[in-house]
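Note sheet for the following structure.
What follows is calculated from the coordinates using simple rules that are stated; it is not laboratory data. Please read all numbers here as calculations on a predicted model, not as lab measurements.
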Amino acid sequence: MSEFLTNMVSSDINIVTGLVWLVIATVISMIGGAIGGMILAGKDIGYSFSAMLGALFAPAGAIPAILLGFALLTLLNNY
């Protein structure tokens, strides 16, 4: 377990650490999308519905950016 945590915080990105970071970043993106949805449209369509929509649509933009960032980090790490 300590080796896994060391790989998580160092620049060693393999398939397991990449998937764990993807899940962590997706959850953080969903939380941010929910807060943003509540701020933008809370009064108009209701706070719970706007939070749900924000949490669903936020990872649509975040996941491709995260995967592109992992690809660039892997490319820069290897060369």
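What the table shows:
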| item | result |
| --- | --- |
| Under Karplus coefficients 6.51, -1.76 and 1.60, residue-wise ³J(HN,Hα) of segment 17-28 in Hz, glycine/proline x | 5, x, 5, 5, 5, 5, 5, 4, 5, 5, 5, 5 |
| 3J(HN,Hα) from dihedral phi, segment 44-53, Karplus parametrisation 6.51/-1.76/1.60, rounded to Hz, x for glycine, proline | 7, 10, x, 5, 6, 5, 5, 5, 5, 5 |
| Shape box of the chain [Cα atoms, principal axes, largest first, Å] | 50, 27, 15 |
